[in-house]
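The values are calculated or read from the model by the stated rules, or taken from the named source; none is laboratory data. Model, not experiment: these values are computed from the prediction. In this analysis, Cβ positions are derived from the backbone assuming ideal geometry, glycine residues included, and neighbour counts consider all displayed protein chains. For the accessible areas, the whole protein counts, side chains as well, though only heavy atoms, and no ligand, DNA or RNA atoms are used. Shrake-Rupley method; radii C 1.70, N 1.55, O 1.52, S 1.80 Å.
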Amino acid sequence: MKTGKSFVKTFVLFALVFALLFCSCSAAKKKASAIAVFVPGVISGSPVYEMLAQGVTEAVDKYNADQKPEDAVVLDVIEAGTNQAEWGSKITALASSGKYDLIISSNSSLPEIIEPLTAQFPKQKFIVLDAYLPDNKSIATVRYNQREQGYLTGYAAGLVTVAEKTEMVFANKAKKIALIAAQEYPVMNNTILPAFTEGAKAVDPEIEVEFRIVGNWYDGGKSADIARELYLNDGVDVILPIAGGANQGVIVTAKALGFYVAWFDDNGYEKAPGLVISSSVMGQKKMAYELTEQYLAGKTAFGTAKTVGVADGYVDFVLDDPLFVKAVPESIRSKIEKVVLSIKNGELSLPVLD
Ligand code: RBF
């Protein structure tokens with residue numbers, strides 16, 4: 001009997017040691033994980049998507065440089081194309097494939113598409129930049145304070161449209177600026193356009209803001225036609241394009257006819273030196289890098305929605321580019337700098353109004 005009991009004990013002990021060994025062994029042999037960058041559109045010509053892809057790629061490359069080959073993270077960048085009706089089925093296919101631990105993307109319209117998928121595929125995690133959705137344990141979102149970004153752009157455009165010809169040679173007498181958007185969407189209609197107008201009217205309440213729609217994110221011919229008409233018929237002398245690949249049509253027309261361009265999202269001064277009078281930027285590349293790095297360290301705050309702005313260093317106005325300094329006189333630059341500082345130190349509060 002005694003021998004039997006000790007045999008059982010020994011057996012149990014061996015089994016335990018074996019189980020422990022097996023567990024730690026399989027934990028050490030962690031399977032390589034995979035990340036997909038889902039681009040709702042095309043990367044080329046779209047600053048927000050260029051910065052997203054660059055930021056994630058750099059973070060994964062840096063992570064992989066410190067890994068054994070079998071632990072390297074696989075990264076796939078997938079462009080969903082300009083047909084928005086296909087985005088839902090394309091991201092569903094990615095989630096259902098189970099191939100990616102994380103799908104990372106950028107677009108304010110995506111949470112609505114992703115939310116139903118989180119119930120269907122509970123293991124799938126999502127990080128969405130430039131978007132806002134609290135309280136879903138599978139999704140982390142971060143948006144930029146685009147009221148600040150729009151305000152700074154409108155303020156700069158306002159100063160230029162009221163400038164004398166001696167200061168800004170292409171400024172006309174009319175106090176008129178314009179925003180050409182690819183399409184209408186909630187963030188555009190409720191935040192960017194009102195903030196652009198708010199900033200311009202802070203310069204001079206008489207400034208009028210025209211708003212035009214291209215109809216898609218790629219047609220440079222259409223955006224060129226709209227820009228030409230705004231300049232020739234409406235007396236607009238500063239145009240802000242937010243139209244992805246179609247921004248190029250506005251640049252080409254500004255060069256041909258001689259009017260000013262306000263740039264959004266990244267540094268655009270070199271697109272038309274002397275004519276681009278502002279670059280109100282979002283720290284999308286930095287954010288994409290940091291969020292990817294955090295994810296790879298297992299530190300993502302899923303279920304949260306953050307808003308970051310000028311004070312956090314994720315929204316800014318590029319003041320120190322030599323092309324800006326050359327294009328815009330000190331009298332105007334110093335006024336813009338003052339407003340940037342007043343937002344930074346909290347004197348001017350511009351929270352996003354939901
Ligand atoms: N921005 C781009 O630069 N390229 C795009 O193709 C693009 N497609 C968009 C589609 C939808 C449905 C929405 C809501 C926004 C899109 N944006 C695109 C705009 C982008 O997310 C952001 O709002 C602007 O770049 C201003 O920061």
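The table for this structure:
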{"item": "Strands (runs of 3 or more DSSP E) (entirely within region 105-222) containing at least 2 residues that are surrounded by fewer than 20 Cβ atoms within 10 Å (Cβ to Cβ)", "result": "208-213"}
{"item": "Qualifying residues in region 178-197 (those that are under 18 Å from the mean Cα position of the chain (by Cα) and of a type in the set (Gly, Ala, Ser)) - the one nearest to the ligand (Cβ to nearest atom)", "result": "Ala182"}
{"item": "Answer from Thr82, Thr118 - the residue that is more than 30 Å from Val310 (Cβ to Cβ), more than 13 Å from the ligand (Cβ to nearest atom) and of a type in the set (Val, Ile, Thr)", "result": "Thr118"}
{"item": "Cβ-Cβ under 6 Å pairs, at least 6 apart or on other chains, region 310-329 side at pLDDT 95 or above, far side basic (Lys, Arg) and surrounded by 14 or more Cβ atoms within 10 Å (Cβ to Cβ)", "result": "Val310/Lys344; Ala311/Lys344"}
{"item": "Among the candidates Ala131, Ala59, Ala72, residue that is small (Gly, Ala, Ser) and in contact with a Pro (Cβ under 8 Å, 6 or more places away or on another chain)", "result": "Ala131"}
{"item": "Scan of region 286-301 for residues that are out of contact with any Asp or Glu (no Cβ under 6 Å at 6 or more places or on another chain), open to solvent by less than 70 Å² (accessible area, probe 1.4 Å) and closer than 25 Å to Arg147 by Cα, ordered by number", "result": "Met287, Ala288, Glu290, Leu291, Ala301"}
